[in-house]
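Shown next, in C-alpha cells, is the structure this report addresses.
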Amino acid sequence: MISVSLSNSIDWEKFEFVGSPRVERRLSDLCGCFADEAAYGEALSHGDPLIYSVSSQAPADGAGQLHYGLGMIAPGRVGREYYLTKGHLHAWREAAEVYLGLAGEGFMLLEEEATGESRLLQLGKDRVVYVPGGTAHRTVNTGADPLVYIGVYPAGAGHDYGTIAEKNFRQVVTDRGGRPVAVDRAEY
Ligand code: S6P
Ligand code: ZN
C-alpha cells in the first residue's frame, strides 16, 4: 500500500506547499552573509524584512527516498549585493540536488569544496541547475519579482551551514552597472 504523500500544490500567495508551513529567514537571520557589513547594519536599522522562505516536503525517509523544498527569495539588495540565501553544503557530502526555476530571475553560486572552484549559473523561470555532491550552493534574486524554485535532494542529505558560516563563499554576487556579476570577496 502506498502510504506517502504523492502530490502537492503550491500556494502562490504564501509561497508554500499547501498544508506544510514555511521557514522564514529575515534580514536579522543573515548576519555574516553579506560582504558589506556597513550596508547590512544600515539596512537593519531600517527594519527586518523577509529575505527568503522555504517550505519543505519530506514524504519518506530512508535509502533512495527524496525530499524537496519550495524556495522564495524576495527582490532587493543590501548595498550592491542581491538578497541571498545563507547557503550550505549537504552534511552527506555526496548528496547532489536539482533546482527547478518556477518564477523570477536569479542565479546560483556554486563552490566546489575540494577545489574552491566557483560557478555562477542562471536560475529562474524555465531554468534548471544541477548541484553536484560536495558543492556549496547559494541562491540570489537579481530580478524585480520574487524568485521561486524547487530543490530536490536525497532524503539523507542534511544541511551543513557551519562550514559556510565560518568562511563564507569566495565570491560575492553584486550589481555592476545594472548587471549581476560575481567578484572575488577579497576584491569586493
Ligand atoms: C535544500 C535546498 C534548498 C535550500 C533553500 C534555502 O537542500 O538547497 O531548499 O534549503 O534554497 O537555502 P539555505 O541555504 O538557507 O538552506
Ligand atoms: Zn541543498
| query | Here are some residues: Gly158, Gly178. Which one is surrounded by fewer than 14 Cβ atoms within 10 Å (Cβ to Cβ) and of a type outside the set (A, V, I, L, M)? | reply | Gly178
| task | Go through Val78, Val131, Val172, Val140 for me and flag whichever is buried (at least 18 other Cβ atoms within 10 Å of the Cβ), within 10 Å of ligand 1 (Cβ to nearest atom) and not hydroxyl-bearing (Ser, Thr, Tyr). | result | Val131
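Do we find a residue being among the acidic types (Asp, Glu), away from ligand 2 (no atom under 16 Å from the Cβ) and touching a residue at least 12 places away in the same chain (Cβ under 8 Å) anywhere in the range 139-153? Spell out the reasoning first.
Taking the range 139-153 and keeping what is among the acidic types (Asp, Glu), we get 145.
Checking which are away from ligand 2 (no atom under 16 Å from the Cβ) leaves us with 145.
Checking which are touching a residue at least 12 places away in the same chain (Cβ under 8 Å) leaves us with 145.
For the range 139-153, residues among the acidic types (Asp, Glu), away from ligand 2 (no atom under 16 Å from the Cβ) and touching a residue at least 12 places away in the same chain (Cβ under 8 Å): present.
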| request: Give the residue that is farthest from ligand 1 (Cβ to nearest atom), with candidates limited to residues of the range 89-109 that are in contact with a Lys or Arg (Cβ under 9 Å, 6 or more places away or on another chain), under 16 Å from Val152 (Cβ atoms) and open to solvent by less than 20 Å² (accessible area, probe 1.4 Å). | output: Gly101
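The values are calculated or read from the model by the stated rules, or taken from the named source; none is laboratory data. Quick caveat: nothing in here was measured; it's all calculated off a predicted structure. A quick note on method: Cβ atoms are made from the backbone with ideal geometry, for glycine too, and the neighbour counts reach across all protein chains shown. When the accessible area is computed, the model is the full protein with side chains, heavy atoms only, and any ligands, DNA or RNA have been set aside. Shrake-Rupley method; radii C 1.70, N 1.55, O 1.52, S 1.80 Å.
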